[in-house]
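Working notes, beginning with the structure itself.
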Amino acid sequence: MDGPAQATSGDASACFPVSVKAVIVRAGRVILLNNERDEWELPGGKLEVGEDPARCVEREVHEELDLEVRADRLLDLWQFHIAHGVDVVVAVFDCAELDRSRVPRLSQEHRRLGWFDGDAVTGLPVPEGYKRSIEAALRDGAEWPSARFVPSQGDAGQRRLTRRRRTPRLRLRRGRPAPRHSPCRRGGRARHLARQARQGGSRARRHSDGGDATRPARPSVAAPAPG
């Protein structure tokens, strides 16, 4: 939950708390939480002293929704004027789910949750700063239609974004010859031609030498005279 500011916005020495929020997109929809002011907001909470902002948003999402996420990049940083004397600096991160099969669970900090697409978010009572971050996350996610999350080699829990690559493969059916442009057929035909050339050269040498000297001559048998 967001705490109150320590000083008013008109004070030159004002010190504002920092609230770290997460944009979580699943199947083109973003998850929002309904707070006590009957407004829809992003999951997240107050940054503790000495805490890393990325680790903070991952912790807050786990506490509020029981989801495991990874903070990928900072989407926006802005000052949110909640009420008179209550101002918060909001840092919004684009977060990726490590396990999209998990069902989010609502905590006692909010009244309800929901998944909304970009068109539905525009009609909800959502602060403009949150809408700007949601629009940026949905727009950037649309640029990767063929992307998927796969486990990295270093850590099974971490995931990276990669593209699908398809390698063409030659499939031959049994009993059917390979096409002429096939490397299999080209190699077999080349070997066949080389074998024919060797056999033709040996036959030509035997004819030029008058036959094969190593082969014994076959005896001639005279045919019997007719009676």
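Please determine whether any residue of the range 92-100 is under 26 Å from HIS62 (Cβ atoms), at pLDDT 90 or above, over 23 Å from the mean Cα position of the chain (by Cα) and β-branched (Val, Ile, Thr). Let's see the steps before the verdict.
Here is the first cut: in the range 92-100, the ones under 26 Å from HIS62 (Cβ atoms) are 92-100.
From the residues that got through so far, the ones that are at pLDDT 90 or above too are 92-100.
Next, from what is left, pick out any that are over 23 Å from the mean Cα position of the chain (by Cα): none.
Checking the range 92-100: not a single residue is under 26 Å from HIS62 (Cβ atoms), at pLDDT 90 or above, over 23 Å from the mean Cα position of the chain (by Cα) and β-branched (Val, Ile, Thr).
Which one of these does ALA54 not meet: (1) in a strand (DSSP E or B); (2) at pLDDT 95 or above; (3) of a type in the set (A, V, I, L, M)?
Unmet for ALA54, out of (1) in a strand (DSSP E or B); (2) at pLDDT 95 or above; (3) of a type in the set (A, V, I, L, M): (1).
Check the range 18-30 and report whether any residue there is part of a loop (DSSP other than H, G, I, E, B), at pLDDT 90 or above and either loosely packed, with under 14 Cβ neighbours inside 10 Å or of a type in the set (A, V, I, L, M, F, W, C) (or both). Write out each step before concluding.
Kept after step one, since they are part of a loop (DSSP other than H, G, I, E, B), are these residues of the range 18-30: 27-28.
Going one step further and asking which of them are at pLDDT 90 or above, we end up with 27-28.
Keeping just the survivors that are either loosely packed, with under 14 Cβ neighbours inside 10 Å or of a type in the set (A, V, I, L, M, F, W, C) (or both) gives 27-28.
The answer is yes, given that some residue of the range 18-30 is part of a loop (DSSP other than H, G, I, E, B), at pLDDT 90 or above and either loosely packed, with under 14 Cβ neighbours inside 10 Å or of a type in the set (A, V, I, L, M, F, W, C) (or both).
Can you tell me which residue in the range 68-90 is surrounded by the most Cβ atoms within 10 Å (Cβ to Cβ), limited to those that are touching a residue at least 40 places away in the same chain (Cβ under 8 Å) and in contact with a Cys (Cβ under 9 Å, 6 or more places away or on another chain)?
Per the stated criteria, the residue is VAL69.
State whether the residues of the range 95-102 include one that is of a type outside the set (S, T, N, Q) and out of contact with any Lys or Arg (no Cβ under 8 Å at 6 or more places or on another chain). Before you say what the answer is, go through the steps one by one.
Going residue by residue through the range 95-102, those that are of a type outside the set (S, T, N, Q) are 95-100, 102.
Within this subset, residues satisfying the condition of being out of contact with any Lys or Arg (no Cβ under 8 Å at 6 or more places or on another chain) are 99, 102.
Taking every residue of the range 95-102 in turn, at least one turns out to be of a type outside the set (S, T, N, Q) and out of contact with any Lys or Arg (no Cβ under 8 Å at 6 or more places or on another chain).
What pairs come up if the first residue lies in the range 103-128 and is within 14 Å of GLU60 (Cβ to Cβ), the second is crowded, with 17+ Cβ neighbours inside 10 Å and modelled with pLDDT under 90, and their beta carbons are under 8 Å apart, counting only those six or more places apart or on different chains?
Pairs that qualify, where the first residue is within 14 Å of GLU60 (Cβ to Cβ) and the partner is crowded, with 17+ Cβ neighbours inside 10 Å and modelled with pLDDT under 90: there are none.
Give ARG105, ARG70, ARG100 a once-over and let me know the one that is assigned to a loop (DSSP other than H, G, I, E, B), touching a Leu at 6+ places or on another chain (Cβ under 8 Å) and of a type in the set (D, E, K, R). Spell out how you get there, then give the answer.
Numbers: ARG70 fails: assigned to a loop (DSSP other than H, G, I, E, B); ARG100 fails: touching a Leu at 6+ places or on another chain (Cβ under 8 Å).
After applying the criteria, what remains is ARG105.
Report, ordered by the first and then the second residue, all pairs with beta carbons closer than 8 Å, sequence separation of six or more or different chains, a first member in the range 45-64 that is farther than 16 Å from HIS110 by Cα, and a second member that is among the hydroxyl-bearing types (Ser, Thr, Tyr).
Cβ pairs passing all conditions: LEU47/SER19.
Tell me, please, whether a residue that is in contact with a helix residue (DSSP H, G or I) (Cβ under 7 Å, 6 or more places away or on another chain), surrounded by 15 or more Cβ atoms within 10 Å (Cβ to Cβ) and assigned to a loop (DSSP other than H, G, I, E, B) can be found in the range 112-134.
Looking through the range 112-134, none of the residues is in contact with a helix residue (DSSP H, G or I) (Cβ under 7 Å, 6 or more places away or on another chain), surrounded by 15 or more Cβ atoms within 10 Å (Cβ to Cβ) and assigned to a loop (DSSP other than H, G, I, E, B).
The values are calculated or read from the model by the stated rules, or taken from the named source; none is laboratory data. Note that the structure is predicted; figures quoted are calculated from it, not measured. Methodologically, a virtual Cβ is constructed for each residue, glycine included, from the backbone with ideal geometry; neighbour enumeration extends over all protein chains shown.
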